[in-house]
Structure formats: C-alpha cells, structure tokens
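Structure record follows, encoded as structure tokens.
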Amino acid sequence: MKLRGKFNLMLLVVFGLALAASGYFSYKQLNDNARDEVLSNAGVLMETILSARTWAVNEVGPNLRETSEEEEMLMMGVPAYAANKVMEAVQKRYPEYGYREVALNPTNVKHRPADWEARVINTFRADATKTEEWGIRETNKGPYLYLARPIQIKQSGCLGCHTTPEKAPPQMFKIYGDNGYGWKLKEIVGAQIVMVPMSVPVANADRMFKTFMFTLTGVFVAVFVLLNIMLSGLIINRLGEMATIAEEISRGNFEIGEFNEGGSDEVAHLSSSFNRMRRSLIKAMDFFNKQPG
Ligand code: HEC
C-alpha cells in the first residue's frame, strides 16, 4: 500500500471512530437533557397543582362548609376540583399539557384510570415508599412524558366526602351517585398524573444533534483534504521526483538534473544529502574511469 493509502486509511479509521463515539455520546446527552427539561417542567406543574389542592382542602373547604351549602360553593372546596380548575387555566396557554387525577374507585367517572394509569396506581399501592414514577409514552400526538405521584388519604378531612354518601355533603350524591366512597385513611386511592409533550424538546435535540454531527463531519472533511494536500506537496511529490532521479542514476544516467529542494525540512535535508552522495559517486566513477588499465 502506498504512503497516501496508509495515511488516509488511518485518518478514516480515526475519524470514523471519533464520529461514532461523539455521535453516540452527544445523542445520549442531548436526549437526556431534553428529558430532564421536560421532567422538570412536569415537576413544577405538579407542585403548582398540588398547592391548589392543599389550599382548597385546608383553607377554602372548611370556610365554605360553615357559610354555605350551595352546590357551586361546595365544589370550590373540593381539592380535585381546584386542581382541575388550575389546570384548565394552564391549558389556555399550554393546551398540550395534561393533568389527570385518577382513582381506582373514582367519584367522577371521568377519573376512571386507563389500563396504564391503573398499573401506575397499583405499583404505588404495592409499594408505599414509592413517591414518584415517570416514563415516556408514545401517543398519537407524539411522545409524552408522564410524571405520576400517589394520592394517599393523609387527612381525615378527605373522608368527610369520601366515606359514605350519608357522611358526605348531599349535593355530592346528587351529582356523582354512589361513586368515590369507602376510601380509608392512609389508603393510596389513586394518582396524580402530569403529561408533558416531548415532541418539541426532542425535535430541538434532534436538530442540535444534526447540526453538531454536520459541523464535525465538515471539520473532518476539511482536515482530510488539507492533510492530503500537505502530504502531496511536502512529501509524496518530492519523494517521487527524488525516486525518479535515483532510478535514472542507478541506471547510469548521470545527465539527469539534480533535485534541488530549498527549505529546512527533512525532505530538503534528504535531497541535499542525496545530491552530495551523487556528486561523490560521479567523482568516484571519474576516478575509476581515469585509472589506467
Ligand atoms: C368537599 C368534599 C370533598 C373533600 C373534602 C375531598 N374530596 Fe376528593 N372529591 C370530591 C369530589 C366532589 C370529587 C369529584 C370532582 C370532579 O368531578 O372533578 C372528588 C375527586 C377526588 C379525586 C379524583 C378522582 C375522583 O374520585 O373523581 C381524588 C383523587 C380525590 N378526590 C381525593 C381526595 C383527597 C385526597 C382528599 C383530601 C385531601 C379529598 N379528595 C377531599 C369531594 C371531596
């Protein structure tokens, strides 16, 4: 294999490995970043909604019950209602964000869990130490990240509405029927699930990945071309010329001109040594030719 072939082969192997490695790591890093960003958005949304729930159950509810029995007013003290109202407001600005409060035995049948939601609730019920679960789900609107937290009956205040229809405010039975009762203190009855779309951050990560890989490939191609030009100009062409001259001389053709290479690099050094050697050789040949005999 010629010098250029060896050199280029080595360059291609090194560039190939470097591209593959940086491609792999940057892809992973960019996607992890996108996911972390979405996860942190989901966390903020979850906390916001949670605050609305706490506010409703601790502050609004007790006050309302003392002052009014009206249906509308009662609803304002329902934590799930407060949560959904906050979410409705958020969705005006971010319609693609989603929030669900699902329970295995829901008050509002709209909150009956889908299969995957029921699975999430059951993992929380099976392991009371688990406080959060997240994952990515493919939907027909693209990939979504879900963040789920268990809903546990921690306050006896919840049981005022979720034990029996008799104990609960009468409006509740009228609206929801015999649903959402029989919950127990400490029981994990359901889950809060925030859904945040991944398509935009994933598309951004993809775009950044492509730009990065494109630039890196561009740099490699430029380096490749430049090194090849230098290799030709500085080494291969000059060595080629010297080889031709050496070959001519070896065949006894001393007529061929000297290879005069200025400069101070190794090839120039080699060429001047070669010229000196050639002159010595001519002198030696002359000397022998002039010997009588
Ligand atoms: C004033 C009565 C009331 C109180 C107090 C109350 N809830 Fe509810 N809860 C309801 C009603 C009514 C709904 C249905 C709301 C709707 O239609 O969105 C509901 C819905 C829910 C849901 C959504 C699933 C479902 O059943 O539809 C969960 C989970 C829930 N409540 C948990 C709790 C917890 C936990 C507490 C205590 C922190 C609590 N609730 C306190 C009345 C109450």
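Other residues with beta-carbon under 12 Å from the beta-carbon of Ile245 carry, at +1 per Lys or Arg and -1 per Asp or Glu, a net charge of -3.
So, R0 is 45 Å and r is the distance between the beta-carbons of Leu231 and Gln91; what FRET efficiency does that work out to, to 0.05? Please report the intermediate quantities before stating the final value.
On the way: r = 62 Å, r/R0 = 1.38.
So, using R0 = 45 Å, E works out to roughly 0.10.
The length gained on full extension between Ala284 and Leu12, counted as 0.36 nm times the residue separation minus their Cα-Cα distance, comes to 93.2 nm.
Efficiency by 1/(1 + (r/R0)^6): what FRET value for Phe254 and Val219, r their Cβ-Cβ distance, R0 = 41 Å, to the nearest 0.05? Could the numbers behind the result be given before it?
Details: r = 49 Å, r/R0 = 1.18.
Step by step, r from the Cβ atoms, then E = 0.25.
With contacts taken as Cα pairs under 8 Å and at least 6 residues apart, segment 3-205 reaches a relative contact order of 25 percent. Report the one residue of Asn122, Gly43, Ala21 whose Cα lies farthest in the direction of the positive end of the charge dipole of segment 1-160 (charges on C-beta: Lys and Arg +1, Asp and Glu -1; origin at the Cα centre). Farthest towards the positive pole: Ala21. Derived scalar couplings between HN and Hα for segment 252-265 equal x, 8, 8, 6, 4, x, 6, 9, 9, 10, x, x, 10, 7 Hz in order, rounded to whole Hz, by the Karplus curve 6.51 cos²θ - 1.76 cosθ + 1.60 (θ = phi - 60°), x for Gly and Pro.
Computed over the chain with a Gaussian network model linking Cα atoms closer than 10 Å, the most mobile of Thr129, Thr164, Thr217 is Thr129. The charge dipole of the chain, taken about its Cα centre with unit charges on the Cβ of Lys, Arg, Asp and Glu (plus for the first two, minus for the last two), comes to roughly 720 debye. Database remark: amide H of Lys130 closer than 5 angstrom to no amide H (H placed geometrically; neighbours at sequence offset of 5 or more, or on other chains; Pro and chain starts carry no H). Among Leu216, Leu226, Leu74, the largest mean-square fluctuation in a Gaussian network model of the chain (Cα springs under 10 Å) belongs to Leu226. Ranked for footprinting exposure by Cβ neighbours inside 10 Å, fewest first, Tyr24, Tyr176, Tyr181, Tyr99 give Tyr24, Tyr176, Tyr181, Tyr99. The phi torsions of segment 150-167, fed into the Karplus equation with coefficients 6.51, -1.76 and 1.60 and a -60° offset, translate into couplings of x, 9, 10, 7, 9, 10, 5, x, 5, 5, x, 10, 10, 9, 9, x, 5, 6 Hz, rounded to whole numbers, with Gly and Pro shown as x. Computing FRET efficiency as 1/(1 + (r/R0)^6) for Asp127 and Leu185, where r is the C-beta to C-beta distance and R0 is 30 Å, gives about 0.95.
Distance between the C-alpha centres of segment 93-112 and segment 42-66: 16 Å, rounded to the whole angstrom. Rank Arg100, Arg207, Arg278 by mean-square fluctuation in a GNM of the chain with C-alpha springs under 10 angstrom and give only the top-ranked residue. Highest fluctuation among the options: Arg278.
Where a number appears in this text, it was derived from the coordinates with a stated rule and is not lab data. Source: prediction; values computed, not measured. So basically every Cβ, Gly included, is an ideal-geometry build from the backbone, and we count neighbours across all protein chains shown.
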